[in-house]
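Below: one structure, written as structure tokens.
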Amino acid sequence: MHVENLKIFCDLVDSKSFSQAARMNDITQSAVSQQLRSMEKHFDALIVDRSQKQFRLTNEGEKVLQFAREMLGQYEILECELQAMKKVLSGTIQVSTVCSIGLHELPPYLKDFLQKHPTIKVNVEYRRSNFVYEDVLQRRADIGLVAFPTNTQGIETIPFVKDKLILISNREHPLAEKSCITLKDLSEQRFIGFDQDIPTRQATDKIFKEIKLGVRPVMEFDNVETVKRAVEIDAGIALVPEGTVKQDIAHGTIRKLDVDPALSAKWVRPLAIIHRKGRTLTPALKTFIELLMQHNAQPAYTEKALAEVN
């Protein structure tokens, strides 16, 4: 039995879906079914209880799953140790990230990393936050980059940076020239926000509730780029991560509003690196994470911390 068979089986159990397991391994749904039947024939035992409507393993299937995970873990360790024996780092790192981090935070770090390690390939995919977690859990991505990280079963979270949330407006907006914007100034304004299922929107709703600001929402979008364009045409003001608008402010296309520090002192957006809990970090991935942490003046990703996820 090959390692690929065990991985397909584990993916099937994790997703509880033949079609999803097929997508995760770039094979057909029929091939997943054939793999399962082949395993049942090999062990001369039913692995999946087909009498149930919902996906459920038999007792024999649970035992196979236990050993399959152990064997995949050992194989992962072997691959990492063999790579570590090489003098030159190599391999591919799959990154799943929300657009705002991937477009505005990641590029300079990625450029530096690739210059230092040209033999490593980094693939970046832009996804909504919930899909980033899904990609990491289902092994489609080695790491994910998210904002306002949540405690998720099976996910290890590494604090990355904290980006300040700021209010922006059209450059000719009446509030643009005020030196200290108060709660009263904001209560009469039109607001442009993110879709309600986006973590940054949930955080801004909490901020508005804490300062007792009843906002007047006029537009909602699923990404910061569209929010910025709506602000540019003076459709309203918006609360956005500062890192996503630095160039726009520098170019004068939008304005940063000077809000009373008593209101804005705690307006921050924590970012995090996530990966599957218990996975073994390859030398390339370990180096990539360490570089991200060093760039942001965070405490070093120590050997103790690395040992906890290896």
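Step by step: first the residues of region 195-237, then only those that are of a type in the set (S, T, N, Q) and not in a loop (DSSP other than H, G, I, E, B), then the one that is farthest from ILE254 (Cα to Cα). Which residue is that?
Checking each candidate, the answer is GLN202.
Would you mind stating whether TYR133 is touching a Cys at 6+ places or on another chain (Cβ under 8 Å) and not assigned by TED's automatic domain parsing to the domain that holds SER15?
no
Condition check: within 23 Å of the chain's Cα centre (by Cα) and either farther than 21 Å from LEU137 by Cα or of a type outside the set (Lys, Arg) (or both). Does ASP26 satisfy that?
When the stated conditions are applied, ASP26 passes them.
Could you grab the pairs with beta carbons closer than 7 Å, sequence gap of 6+ or different chains, first residue in region 183-211 and closer than 14 Å to PRO241 by Cα and touching a residue at least 40 places away in the same chain (Cβ under 8 Å), second one surrounded by 17 or more Cβ atoms within 10 Å (Cβ to Cβ) and among the basic types (Lys, Arg)?
Close Cβ pairs (under 7 Å, with a partner that is surrounded by 17 or more Cβ atoms within 10 Å (Cβ to Cβ) and among the basic types (Lys, Arg)) amount to GLY193/ARG201; THR200/ARG269; ALA203/ARG269.
Which pairs turn up if I take residues in region 213-230 that are assigned by TED's automatic domain parsing to the domain that holds THR244 and closer than 17 Å to LEU165 by Cβ and look for partners that are hydroxyl-bearing (Ser, Thr, Tyr) and surrounded by 18 or more Cβ atoms within 10 Å (Cβ to Cβ) with beta carbon separation below 6 Å, at least 6 apart in sequence or on another chain?
Matching pairs, first to second residue: VAL224/SER100; VAL224/THR244.
Listed here are the residues, each with its yes/no results for (1) surrounded by fewer than 17 Cβ atoms within 10 Å (Cβ to Cβ); (2) farther than 30 Å from PRO118 by Cβ.
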site	(1), (2)
ASP197	yes, yes
ARG201	no, yes
LYS209	yes, yes
VAL224	no, yes
GLU242	no, yes
GLN247	yes, no
HIS251	yes, yes
VAL259	no, yes
GLY278	yes, yes
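Filter region 109-126 down to the residues that are free of Cβ contacts under 8 Å to residues at least 60 places away in the same chain and surrounded by fewer than 16 Cβ atoms within 10 Å (Cβ to Cβ) and list them by number.
Result: LYS111, LEU114, GLN115, PRO118, THR119, LYS121, ASN123, GLU125.
Could you list, in sequence order, the residues of region 49-71 that are β-branched (Val, Ile, Thr) and in contact with a Leu (Cβ under 6 Å, 6 or more places away or on another chain)?
Residues of region 49-71 β-branched (Val, Ile, Thr): 58, 64.
Listed by number, the list holds a single entry, THR58.
Considering only region 238-258, I want to know if a residue exists there that is β-branched (Val, Ile, Thr) and touching a Ser or Thr at 6+ places or on another chain (Cβ under 6 Å). Before you say what the answer is, go through the steps one by one.
First, pick out the residues of region 238-258 that are β-branched (Val, Ile, Thr): 240, 244-245, 249, 253-254.
Right, trim to touching a Ser or Thr at 6+ places or on another chain (Cβ under 6 Å) and you get 244.
The answer is yes; a qualifying residue exists.
The values are calculated or read from the model by the stated rules, or taken from the named source; none is laboratory data. These numbers were taken from a predicted model, which means no experiment stands behind them. With ideal geometry, Cβ positions are generated from the backbone for all residues, glycine too; neighbour counts draw on all protein chains shown.
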